[in-house]
Amino acid sequence: MVGRLLARGMVAGIVAALLTFVFAKLFGEPQVALAIAFEAAQDAAAGNAPEPELVSRSVQASYGLLTAVLMYGAAYGGAFAIVFALAYKRLNLSSPRVLALLLAGIGFLTFVLIPDLKYPPNPPAVGLEETIGLRTAMYFAMVGLAIAISMISLLVGRALVASLGCWNAVLCGIALGLALVVVAQFGLPDINEVPGNFPAIVLWRFREAAIGMQLVMWSTLGLVFGALAEKLLQSPRVQAR
């Protein structure tokens, strides 16, 4: 059964990746092109020679982007299916679709929204080479904290169900999670490396597109996998077992 769910997770991930690729081409790539043009203009003004392209920009924006997104989607879809299989055995949710959407929402909050609120993605020409290591370490530290916060909130909420009831326990878990997120946001150092003359609208739209891509990925993954899993788990052959 886990293997069959895994295959459906990878299919859902590929479908989500294709939609994400379309979104990235429409909303993300134009902002990347503007950022690259800004960087090239800055280098030309400083008299710096342009760096040679190992992979052409046209390939990066087409086949390269599609390949990366497909691999990303298939990997996330497989991991999502395994987590779903583990959770389905332990949670008393009658609808696989509800569980899939719940897990997709938690995944988006944990791996995307919470880390990006502290360390948002940047387009080309934003950031210094000497701080790449620090920025990468801080980002993954925020991801790790987000995972820990999600687990703590879920465990606390589950432990309080018996004494407070389901609704109040959920609210307490959410409140605790928000408080821990605020502590993490203020506890980690800020990194501000945006050039003063970088177009603010390009930076804003790039970050909107980056979060939008992830939202498309996670929501499609939850919806498509939920439908496929429900059809499998509620089939007469599976229920007979």
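The values are calculated or read from the model by the stated rules, or taken from the named source; none is laboratory data. What you are looking at is a predicted structure, and each value in this text was computed from that prediction instead of being measured. Ideal geometry is used to build each Cβ from the backbone, glycine not excepted, and the neighbour counts take in all protein chains shown. Only protein heavy atoms, including side chains, enter the accessible area calculation; ligands, DNA and RNA are left aside. Shrake-Rupley method; radii C 1.70, N 1.55, O 1.52, S 1.80 Å.
For ASN168 and ILE152, compute 0.36 nm times the residue count separating them, minus their Cα-Cα distance, and round to one decimal in nm. Please list the in-between numbers first.
On the way: separation 16, 0.36 × 16 = 5.76 nm, distance 1.62 nm.
Using 0.36 nm per residue and subtracting the Cα-Cα distance, I get 4.1 nm.
Taking every eigenvalue of the Cα gyration tensor of region 108-239, multiplying by 5 and rooting it, what semi-axes result, largest first, whole Å?
On the way: eigenvalues 239, 102, 30 Å².
In descending order the semi-axes read 35, 23, 12 Å.
Quick one: dipole size for region 87-205, taken about the Cα centre, charges +1 on Lys/Arg Cβ and -1 on Asp/Glu Cβ, in debye to the nearest 20. Don't jump to the answer; show the numbers that get you there.
Details: 7 positive and 5 negative charges, 138 e Å.
In total the dipole reaches around 660 debye.
How many nm is it between the label spots at GLU130 and SER62, if each spot is 7 Å from the Cα in line with the beta carbon?
Inter-label distance under the simple model: 4.0 nm.
With the contact rule set at Cα under 8 Å and sequence spacing of 6 or more, what percent relative contact order holds for the chain? If you can, show how the numbers build up before the last one.
Details: 237 pairs, mean separation 90.5, N = 241.
Averaging sequence separation for qualifying contacts and normalising by length gives 38 percent for the chain.
At a threshold of 8 angstrom on Cα-Cα distance, excluding pairs fewer than six apart, so keeping six or more, what relative contact order does region 128-192 reach in percent?
Details: 32 pairs, mean separation 21.2, N = 65.
Once divided by the residue count of region 128-192, the mean separation gives 33 percent.
Would you be so kind as to identify which of TYR72, ALA146, LEU102 lies farthest towards the positive end of the dipole of the chain, taking Lys and Arg as +1 and Asp and Glu as -1 on Cβ and the Cα centre as origin?
LEU102
Can you pull the percent of the chain's accessible area that's carbon plus sulfur, 1.4 Å probe, other chains left in place?
On the way: 9890 of 14070 Å².
The nonpolar share, carbon plus sulfur, comes to 70 percent.
For Cα extents along the principal axes in Å, one of (i) 72, 40, 26; (ii) 50, 42, 28; (iii) 51, 40, 40 was computed from the structure I shared and the rest are decoys. Which label?
Entry (i).
Placing +1 at every Lys and Arg Cβ and -1 at every Asp and Glu Cβ, with all other atoms neutral, what dipole size does the chain have around its Cα centre, in debye to the nearest 20?
My answer is approximately 1580 debye.
Helix 166-187 versus the longest principal axis of the chain: what is the Cα-based angle in degrees, 0 to 90, to the nearest 10?
Relative to the chain, helix 166-187 is tipped by roughly 20 degrees.
Sorted by average packing, counted as other Cβ atoms within 10 angstrom per residue and highest first, what order do 133-143, 11-21 take? Please report the intermediate quantities before stating the final value.
Working: 133-143: 14.5, 11-21: 22.4.
Order by mean packing, descending: 11-21, 133-143.
If you line up the long axis of helix 29-46 against the longest principal axis of the chain, both from Cα atoms, how many degrees apart are they, to the nearest 10?
Roughly 30 degrees between the two axes.
Could you report the chain's accessible area per residue, 1.4 Å probe, as an integer in Å²? Could you put the intermediate results ahead of the total?
Working: 14070 Å² over 241 residues.
Computed with neighbouring chains in place, this is 58 Å² per residue.
Please state, to two decimals, what the Cα-based radius of gyration of region 128-192 comes to when divided by 2.2 N^0.38 Å (N = residues). Mind showing how you got there, number by number?
Details: Rg = 15.6 Å, N = 65, 2.2 N^0.38 = 10.7 Å.
Here the Cα radius of gyration is 1.45 times the empirical estimate.
Could you check the spin-label model distance between LEU117 and LYS231? Points 7 Å from the Cα along Cα→Cβ, value in nm.
In this crude spin-label approximation the distance works out to 3.7 nm.
State the Cα centre-to-centre distance between region 53-129 and region 3-43 in whole Å.
11
By how many degrees, 0 to 90 and rounded to 10, does the Cα axis of helix 132-159 deviate from the longest principal axis of the chain?
Taking the Cα atoms of the chain, the angle to 132-159 is about 20 degrees.
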